[in-house]
Amino acid sequence: MTLGLTTAGESHGPALVAIVTGLPAGLALDREAIDADLRRRQQGYGRSPRQQIETDEVEVLAGLRHGRTLGTPLALVVRNRDHRNWTWGMSPWPPEGEPEGKGTKPVTVPRPGHADLAGAMKYGLDDVRDALERASARHTAVFVAAGAVAKALLGEIGVEVNGSVLEVGGAQGDEERREAIDAARADRETLGGIVEVRAGGVPPGLGSYATKEDRLDARLAFALMGIQAVKGVEVGEGFGLAPLRGSGAHDEVVRGEGGLHRETNHAGGIEAGVSNGEEIVVRAAMKPLPTLMRPLQTVDLATGEAAEALVERSDTAAVEALAVVAEAAVAFELARAAREKFGGDAIGDFVAAHAAYLGRIDWSPR
Ligand code: EPS
């Protein structure tokens with residue numbers, strides 16, 4: 001038993017879609033909680049005016065009845081309100097009538113750092129829009145909806161997942177980060193940053209050292225690296241462990257009141273690809289976004305001449321959004337690992353298997 005996630009959707013197409021498979025029956029979902037995460041993802045400082053057009057809300061097409069999962073594929077939809085400005089340009093079928101609205105002219109000036117050039121070459125595209133629409137981080141909205149479902153499942157076994165921003169453009173405090181974003185916007189620049197996700201209540205034993213694919217650290221790195229603009233991932237103290245001696249790098253085992261635990265957490269809650277019962281701590285580094293209002297140099301694919309890259313409405317920074325998306329990605333992967341360990345067709349089976357397992361092991365969270 002495992003969880004599956006398939007998504008579809010372009011940035012300015014009609015909608016974003018996710019199908020989640022492998023949920024137990026009887027899990028209560030809260031529409032407000034899912035929509036709250038969708039709003040959190042939209043709210044960060046430095047987002048594009050696009051966010052004033054979108055008010056993301058989840059719709060459920062299948063797999064849910066009266067707020068409880070049926071144990072069947074759960075189909076989630078988030079509509080793109082902006083699509084009304086692109087009905088001709090992003091029409092799924094050959095458009096009828098005169099071209100109108102946005103996206104009517106082919107994009108031929110690829111942006112360095114975006115999917116544009118590699119996508120056009122790989123898929124044989126004359127219009128770079130056919131690459132950038134799916135590569136856009138817009139579709140992280142539906143990942144967040146799926147992540148909210150995963151958090152509901154994890155909540156049943158006392159696991160909580162939280163993402164937060166550590167830095168934007170090298171600035172750390174709230175005020176400093178806003179100043180950095182304002183300064184970048186004034187210079188028609190963009191910024192990246194670092195986010196952290198922490199998961200508490202994760203029991204020892206999620207993931208496995210049995211194969212590379214089972215390793216929880218590898219799976220979380222994959223989940224985070226799969227998010228647009230992420231260029232680096234760290235587990236626990238990550239790169240900071242490299243210069244240390246062994247005695248300062250590992251987490252000694254002690255007996256607490258209710259069982260075994262660690263005094264430190266250099267490992268970020270994962271040893272040998274298996275959760276060890278300490279808080280899971282992972283970080284992701286995001287590059288500055290590639291759509292600059294001060295365009296970088298490129299080559300026009302239609303003429304072969306030097307040109308300036310595409311300038312489109314875009315975000316100055318989306319690091320706060322990444323914190324929410326990364327939280328969803330970590331939650332989904334932990335939920336998947338928990339489904340593998342605890343199984344169950346009904347939510348009660350899943351919860352009972354978790355409780356029986358905790359009864360067997362000698363563990364007490366710090
Ligand atoms: C994005 C470009 C901007 C962002 C978008 C991601 O969209 P637009 O080109 O329509 O202004 O706002 O993100 C979202 C719409 C979203 O909801 O996150 C890109 O190129 O990745």
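The values are calculated or read from the model by the stated rules, or taken from the named source; none is laboratory data. Since the model is a prediction, treat every value here as computed from it, not as a measurement. With ideal geometry, Cβ positions are generated from the backbone for all residues, glycine too; neighbour counts draw on all protein chains shown. SASA here: full protein model, heavy atoms, side chains in, ligands and nucleic acids out. Shrake-Rupley method; radii C 1.70, N 1.55, O 1.52, S 1.80 Å.
Worth pointing out:
- Criterion: in contact with a Lys or Arg (Cβ under 7 Å, 6 or more places away or on another chain), assigned to a helix (DSSP H, G or I) and under 30 Å from residue 21 (Cβ atoms) - qualifying residue of 331, 338: 331
- If you check 77, 60, 109 for being more than 11 Å from the ligand (Cβ to nearest atom), of a type in the set (A, V, I, L, M, F, W, C), over 30 Å from residue 351 (Cβ atoms) and touching a strand residue (DSSP E or B) at 6+ places or on another chain (Cβ under 8 Å), only one passes: 109.
- Search result, residues across the range 239-260 that are surrounded by 13 or more Cβ atoms within 10 Å (Cβ to Cβ) and touching a strand residue (DSSP E or B) at 6+ places or on another chain (Cβ under 7 Å): 251, 259, 260
- Looking across the range 127-182, the residues that are free of Cβ contacts under 8 Å to residues at least 60 places away in the same chain, away from the ligand (no atom under 16 Å from the Cβ) and part of a loop (DSSP other than H, G, I, E, B) come down to 158, 170, 172, 173.
- Restricting 315, 300 to residues that are within 22 Å of residue 226 (Cα to Cα), out of contact with any Phe, Trp or Tyr (no Cβ under 9 Å at 6 or more places or on another chain) and touching a residue at least 40 places away in the same chain (Cβ under 8 Å) narrows the list to 315.
- Condition broken by residue 291, with the remaining ones in (1) farther than 21 Å from residue 231 by Cβ; (2) modelled with pLDDT under 95 satisfied: (1)
- Filtered residues of the range 341-366 (kept if of a type in the set (A, V, I, L, M, F, W, C) and either touching a residue at least 60 places away in the same chain (Cβ under 8 Å) or part of a loop (DSSP other than H, G, I, E, B) (or both)): 342, 346, 347, 350, 351, 358, 361, 363
- Qualifying positions in the range 179-220 - open to solvent by 30 Å² or more (accessible area, probe 1.4 Å) and under 16 Å from residue 328 (Cβ atoms): 198
- The set of residues from the range 102-123 being of a type outside the set (Lys, Arg), open to solvent by less than 60 Å² (accessible area, probe 1.4 Å) and in a loop (DSSP other than H, G, I, E, B) comprises 103, 104, 107, 108, 109, 110, 112, 113, 114, 115.
- Residue in the range 1-41 that is most open to solvent (accessible area, probe 1.4 Å), counting only those that are assigned to a loop (DSSP other than H, G, I, E, B) and within 13 Å of residue 146 (Cα to Cα): 30
Conditions tested, residue by residue: (1) under 30 Å from residue 54 (Cα atoms); (2) under 28 Å from the mean Cα position of the chain (by Cα); (3) loosely packed, with under 15 Cβ neighbours inside 10 Å; (4) more than 16 Å from the ligand (Cβ to nearest atom).
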| position | (1), (2), (3), (4) |
| --- | --- |
| 272 | no, yes, yes, yes |
| 277 | no, yes, no, yes |
| 301 | no, no, no, yes |
| 327 | yes, yes, no, no |
| 345 | no, yes, yes, yes |
| 351 | no, yes, no, yes |
| 357 | no, no, no, yes |
| 360 | no, no, yes, yes |
| 365 | no, yes, no, yes |
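- Flag for residue 348 being farther than 24 Å from residue 162 by Cα and touching a Pro at 6+ places or on another chain (Cβ under 8 Å): no
- Pairs, first at positive phi in the range 1-17, second in a strand (DSSP E or B) and open to solvent by 50 Å² or more (accessible area, probe 1.4 Å), C-beta under 9 Å, six or more apart: 9/17
- Test: residue in the range 309-322 that is open to solvent by 30 Å² or more (accessible area, probe 1.4 Å) and more than 15 Å from the ligand (Cβ to nearest atom): no
- Looking at the range 222-291, none of the strands (runs of 3 or more DSSP E) lying wholly inside it contains 2 or more residues that are touching a Ser or Thr at 6+ places or on another chain (Cβ under 7 Å), closer than 26 Å to residue 171 by Cα and of a type outside the set (Ser, Thr, Tyr).
- Index of the failed condition, residue 44 passing every other in (1) at pLDDT 95 or above; (2) within 16 Å of the ligand (Cβ to nearest atom); (3) part of a loop (DSSP other than H, G, I, E, B): (1)
- Residue within the range 81-93 that is more than 16 Å from the ligand (Cβ to nearest atom) and open to solvent by 70 Å² or more (accessible area, probe 1.4 Å) present: yes
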